[in-house]
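Peer 1: The structure under discussion is supplied below as C-alpha cells; questions concerning it will follow.
The values are calculated or read from the model by the stated rules, or taken from the named source; none is laboratory data. Since the structure is predicted, the reported quantities are computational estimates derived from the model, not experimental observations. Cβ placement follows ideal geometry from the backbone for every residue including glycine, while neighbour counts extend to all protein chains displayed.
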C-alpha cells in the first residue's frame, strides 16, 4: 500500500521540468523605484551575494553610467539583493582573477543556458544585448524564463 | 509652544514636496546670478558635449515625447512638464538626475546656468 502511494508522488516529481526556477522578483519599493528607472528588474536570484555587494558598491560607474543614489537607499537595496541572492545555482560567479562578476550574463549558469545563441543573434536590433531579457523571454518581468515562453525575434 | 512647533513641522513636511517646475528655474537662475536662455538650453540639450550621448540621446530632441534609454532601450516618460505633470516636482529627484545625467553626458556636473537654461527651454515647450 505504501508503495502504491509513493509511486505517483515520485512520478509527479520526475515530471517537473528541471528548469522551472522561479525568478519572480520579491517586492521592494526602493529597489523597484531606483533600479527600474533605467532597466528591467533583474531578479536578485541571478547573482550571488558577493556580486550584488560589488554592484552596489560601484553605482557611480554602473556599466558606464552614473547610477549613484543616496547612501540610505543604497544600503537598503544592497541588503535586499543580498538577502535574495542566488546561491550555488548561479554557477561560477567569479572572474579569472577571483573577483565577483558584475554581469548576470557572465555567470556560468547564464552562459550554459544560452550556449546555443550565436553572437550575431545577440546583436540583432530587436535584441541589442544579453541584458535585454524581455526581447526573447516575453514574461521575464513576471519571473518566467521558462523555455516554453521563449520567442527569439528576427 | 508645542502647537507652533507642530505647525512649523507640518509646514516643512509639506514644503518638501511642494515644488513646481518654475521653482527650479528660479532656483538655478538665482544660483547662476544671470537670467536663463531657452534658446541656449535647446542647443545644450540637443548637442553632444564631448561625451557619447547628449540629453536628447535618451529624452529625444522633442522632450514632450516619450524617449528610450540609449543603452537599455527602457521607455522613458516625457521630460517636459507640459507633457508630464510629475516632472520637476521633487527637489531630491531633480538633483539626483541632474547629477547623474550630467556626469554621463559631460563627464562633470552641470553649472547652475546650464541647468537654468535647460529648465527655461523645457518650460517653453507646449
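Peer 1: Which residue out of A:125, A:140 is surrounded by 14 or more Cβ atoms within 10 Å (Cβ to Cβ), within 14 Å of chain B (Cβ to nearest Cβ) and farther than 21 Å from residue A:61 by Cβ? I'd like the intermediate steps shown before the answer.
Peer 2: Details: A:125 fails: surrounded by 14 or more Cβ atoms within 10 Å (Cβ to Cβ).
Checking each option against the conditions leaves just A:140.
Peer 1: Suppose we filter A:108, A:118, A:49 for residues that are away from chain B (no Cβ under 14 Å) and surrounded by 15 or more Cβ atoms within 10 Å (Cβ to Cβ); which single one remains?
Peer 2: Of A:108, A:118, A:49, the one residue that is away from chain B (no Cβ under 14 Å) and surrounded by 15 or more Cβ atoms within 10 Å (Cβ to Cβ) is A:49.
Peer 1: Let me ask something else. Report those helices (runs of 4 or more DSSP H) wholly inside the range B:1-72 carrying at least 2 residues which are at pLDDT below 95.
Peer 2: B:2-15
Peer 1: If you go through the range A:80-99 one residue at a time, how many are closer than 20 Å to residue A:23 by Cβ and surrounded by 13 or more Cβ atoms within 10 Å (Cβ to Cβ)?
Peer 2: The number of residues fulfilling the criteria is 10.
Peer 1: State all residues of the range B:94-113 that are under 9 Å from the mean Cα position of the chain (by Cα) and within 12 Å of chain A (Cβ to nearest Cβ); if no residue qualifies, say none.
Peer 2: B:95, B:97, B:98
Peer 1: Moving on. So residue A:19 clears everything in (1) away from chain B (no Cβ under 14 Å); (2) touching a helix residue (DSSP H, G or I) at 6+ places or on another chain (Cβ under 7 Å); (3) modelled with pLDDT of 90 or more except one condition, right? Which one?
Peer 2: Condition not satisfied by residue A:19: (3).
Peer 1: Kindly check whether there is at least one residue in the range A:90-100 that is in contact with a helix residue (DSSP H, G or I) (Cβ under 7 Å, 6 or more places away or on another chain) and within 14 Å of chain B (Cβ to nearest Cβ).
Peer 2: Within the range A:90-100 (the criterion being in contact with a helix residue (DSSP H, G or I) (Cβ under 7 Å, 6 or more places away or on another chain) and within 14 Å of chain B (Cβ to nearest Cβ)), the answer is no, since none of the residues qualifies.
Peer 1: Also, quick follow-up: Among B:82, B:116, which is away from chain A (no Cβ under 14 Å) and surrounded by fewer than 20 Cβ atoms within 10 Å (Cβ to Cβ)?
Peer 2: The match here is B:82.
Peer 1: Of everything in the range B:31-64 that's surrounded by 15 or more Cβ atoms within 10 Å (Cβ to Cβ) and out of contact with any helix residue (DSSP H, G or I) (no Cβ under 7 Å at 6 or more places or on another chain), which residue is farthest from the other protein chains (Cβ to nearest Cβ)?
Peer 2: Within the range B:31-64, the match that is farthest from the other protein chains (Cβ to nearest Cβ) is B:64.
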